[in-house]
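Single-structure report; data block below.
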Amino acid sequence: MHHLIVPGLNNSGPTHWQSFWAKSLEDASCVVQRNWDAPQKSEWIETLDEAVSKLESDTIFISHSLGVVTTVLWLTEIFGRTGAAANPKAHFIKGAFLVSPSDADNIEIINNFAPMPLQKLPVPAWVIASEDDPFVTMERSKFFANAWGAHIESVGCLGHINAKSNLGEWEQGRKLLAEFEKTLL
């Protein structure tokens, strides 16, 4: 299974668990946005769509923060609304592992991504949330997961589950990813 890593605002950086996973997962690639610091909704969705168009095998999105918002927008606007025919490689997308979904409805720097999509996702998904995330409350994470038809897992108090959380390889997340992948078989 291929893993398409979708970072959020400001990219992941060298000490972010996504950067570690990009190197340690057997089959992984990363979406690279043109502008990490001033994100534009249509551009970020288009860049993700271009990454999907290069897929050659079954794939799971591994998205973080604004990358979650971008992934969910792609799934509902490109894949979900118009079907896989909108991108001939969309059929390779088998699931979405969504970590710390930033709340675009309530964060000024990313409010051009609002409103948050609230449709059921066309692929299986897990939302991984922290009890003390400064960018989304646990209640909102649960609300999003419910709207998306996704399973939700709390990882306790890990902040935004980012480089500041000092998680390194983030073994807890790797175990959750493995559990998620088993549900797709």
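Data table
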| item | result |
| --- | --- |
| Label-point separation in nm, residue 29 to residue 154, each point 7 Å along Cα→Cβ | 3.8 |
| Modelled FRET efficiency - R0 22 Å, residue 119 with residue 46, Cβ distances, 0.05 increments | 0.65 |
| Accessible area of the chain divided out per residue, in Å², using a probe of 1.4 angstrom | 45 |
| Where labels lie 7 Å past Cα in the beta-carbon direction, separation of residue 138 and residue 54 in nm | 3.9 |
| Fraction of the pair-distance distribution of the stretch 112-176 above 17 Å, Cα-Cα pairs, percent | 45 |
| Sulfur and carbon atoms: percent of accessible area, the stretch 49-185 [1.4 Å] | 53 |
| Summed residue charge, Cβ within 11 Å of residue 53's Cβ, Lys/Arg positive, Asp/Glu negative | -2 |
| Sorted largest first, extent of the stretch 1-69 alpha carbons per principal axis (Å) | 31, 28, 17 |
| Neighbour cut-off at most 16 other Cβ (10 Å), DSSP loop, trypsin sites (Lys or Arg not before Pro), the stretch 107-176 | 120 |
| Listed candidates [x] 52, 32, 24; [y] 40, 35, 31; [z] 48, 39, 38 - label of the one calculated as Cα extents along the principal axes in Å | [y] |
| The chain: calculated mean residue ellipticity at 222 nm from DSSP helix runs of at least 4, using -39500 (n - 2.57) | -8500 deg cm²/dmol |
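The values are calculated or read from the model by the stated rules, or taken from the named source; none is laboratory data. As the structure is a prediction and not an experimental result, all values here were calculated from the model. Neighbour counts run over all protein chains shown; Cβ positions are idealised from the backbone, glycine included. When the accessible area is computed, the model is the full protein with side chains, heavy atoms only, and any ligands, DNA or RNA have been set aside. Shrake-Rupley method; radii C 1.70, N 1.55, O 1.52, S 1.80 Å.
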